[in-house]
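Notes to accompany the following structure.
Nothing in this text is a laboratory measurement; each read-out follows from the coordinates by a stated rule. This is a predicted model, so every value here is computed, not measured. With ideal geometry, Cβ positions are generated from the backbone for all residues, glycine too; neighbour counts draw on all protein chains shown.
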Amino acid sequence: MGEPNTETQINFDENQAAVTTTKWTPQTDTAIFITDNGQSITHRKIIRRWNRLSRLQRSIIYGLLIVFAAILVFLYPTIFSNTMRGNTRKTNVKLPLGLFFKLRPEYASSNNLSLVNEANLKVSALRNKVSVNLEENEKRPLFSGPSTWRQYAVVQSFKHAWKGYKEHAWGHDNVKPVSGMISDWFSLGLTIVDSIDTAYIMGLHEEYEEGKKWVKEELVFTKNKDVNFFEVTIRVLGALLTNYHFTGDEMFLDKARDLGERLMPAFHSPSGIPYSDVNLGMGTAHPPEWSHYSTTAEVSTVQLEFRELSRATKDPQFEMAASAVSEKIHALPKKHGLVPIFINPNTGHFLPHATITIGARGDSYYEYLLKQWLQTGKTINYLLEDYMAAVEGIRQFLAKRSSPNKYLFIGELSAGSEAFNPKMDHLVCFLPGTLALGHANGLPDWHMTMAEELLYTCYLTYAAHPTFLAPEITHFNMPNDKESSDLYDNEASATNDMYTKIADSHSLLRPEFVESLWYMYQITGNVTYQDWGWQIYQSLEKYAKVTNGYTSLANVKVERPVYKDMMESFFLSETLKYLYLLFSEDRYLIDLNKYVINSEAHALPIHRN
């Protein structure tokens, strides 16, 4: 305690803390004074005027005050919760754009500055909130337009890609953005179905509504045409379920149920392991023409979607069939948790001595082990056990360090010999995000350490090339590896640790690296991951943007790559969606505590059982 006219100031130096008491002075105090006389005069005037009011006038005032107080009491919980959400989730510091470019001059190109200026003019106009009935479903997220200039840039990219697709390939699966030609795979309008939830998240009402209208009026599953069971499940069924949960529109759920029932024949194999191909119109299923085997990743990457279809429709058949597949794979012998990439739907056994990889045909088996465990409220123990065993197997048998700089990478065990092959698909770059997600849910610290190191290696696969885009496959130099040394001499990259073969140098504009960046950003809040994502976004704009969208590239190793003339649906569904989420002020725009994200970037709710 002290005298009323003093204040206490605490000063610290390097060696000691000294407490000094100084007198208060009007020059140093910032308070505004109101004299007692002024207060009493004001009070007397108010009392005098109140006494002049009639009894009716006083009753009216009392009534208005009671109504106002009741309104405050009713609205207080909502105002308080919204305020707390904003205070806890806005973790980034906003810099004035001029200061930002002084600090980060590498971003201050004329193209970027013009883009930013345009963003400053238009970003506020795009903040129209999507109508959401929160009373109907408290878990339903509320999406606004872009909140940062980087997000605004990604929105413009989506609009450009959508416009090119709409003008040249509307209703078809994909557009060839260089030639303006159409490309059909399953004839299900993949680009529309796969990406309208991206439009919804971005607040693009016009694009969303025209896509929704096409789904409602044109999307049918009665054609006599074979489709890939896995691809249609993650792209179409997953998208329909996400749109249902985001909007509450029963039309999406009706379409999902229809599709789910038409996909069920895939499970009608002797073992219950799904066939790879389904004819939606005829209700038949069969193995691929080139093999009797199904792909391990494909049969084990449908469980999130079929389980959610059962929960949404209250029809258990979908979840039971898909869960049985996971149980059968759980019971099979493995190499320290690692699985071969082919499995026989007739016998239910793996192809002996097939390749073991975290890349193509193996990747999402590991991803869905963890995500199924999370989707079911961490209640199915064998899923967690299989995931933990698999990550330990990756660490022991597939994780190696390159020469000479010892970058961590994930190789594979070759078919037949099971010899180690220092080859890493770009697809493997999903793994850092999955490892970080596991660590965020209580798994060991070394999972996060591995995630951070592997993510940096993935970043280097971009930085090693003049386009700053990653190839489909990267090979790594190993100590005393003569073959790697010879290849490196002929196909040098920007680092001695890795090289890219001409046959592997193409880019499909895949999402896996930016996917992991978003996971790491949401979990850690480290804005370095946003900067890495922005570098990649700029490269997409510079090298992949063409008149009618964004095209895959034939060779990322050259300054002027040849176009492959294809825009995959996952570019809009995943790559641009993850970039948009990565650049958000709100790290939890799609909260990983409430949603699992399927292999095609479609969000599905987490259940408690």
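Summing charges over neighbours of L369, with a neighbour being any other residue whose Cβ is under 11 Å away from its Cβ, gives -2 when K and R count +1 and D and E count -1.
In the neighborhood of P444, defined by Cβ-to-Cβ distances under 12 Å, what is the net charge if each Lys or Arg adds +1 and each Asp or Glu adds -1?
In short, -1.
For E218 and N279, the difference between the fully extended length at 0.36 nm per residue and the C-alpha to C-alpha distance is 20.1 nm.
Among 171-180, 324-333, 499-508, sorting by the average number of other beta carbon atoms lying within 10 angstrom of each residue, highest first, gives 171-180, 499-508, 324-333. Its Kirkwood hydrodynamic radius, worked out from the mean inverse distance over all distinct Cα pairs, puts the range 387-545 at 16.2 Å. In this simple spin-label model, placing a label point 7 Å from the Cα along the Cα-to-Cβ direction at both W170 and L56 gives a separation of 6.4 nm. Remark: spin-label model distance A554-Y456 equals 3.7 nm, labels positioned 7 Å along the Cα→Cβ axis. Label separation (T528 vs S271): 4.4 nm, computed from points 7 Å beyond Cα along the C-beta direction. My understanding is that a pair violates if its Cα-Cα distance is over 25 Å; which of K371/K406; K159/K423; K334/K501; K400/K501; K223/K577 do that in this structure? Listed pairs above 25 Å: K371/K406; K159/K423; K334/K501; K223/K577. Its residue count N sets the reference 2.2 N^0.38 Å, and the alpha-carbon radius of gyration of the range 452-609 equals 1.13 times that reference. Cα centroids of the range 192-234 and the range 355-422: 32 Å apart. Please compute the net charge surrounding H286, taking Lys and Arg as +1 and Asp and Glu as -1 over other residues with Cβ under 12 Å from its Cβ. Here the charged neighbours net out to -3.
Ranked from highest to lowest mean number of other Cβ atoms within 10 Å per residue, what is the order of the peptides 215-226, 194-205, 380-391?
Numbers: 215-226: 14.2, 194-205: 24.5, 380-391: 18.3.
Averaged packing, sorted descending, gives the order 194-205, 380-391, 215-226.
Putting +1 on Lys and Arg Cβ atoms and -1 on Asp and Glu Cβ atoms, find which of F246, A331, I394 reaches farthest to the positive end of the dipole of the range 242-400. Ranked along the dipole, the leading option is I394.
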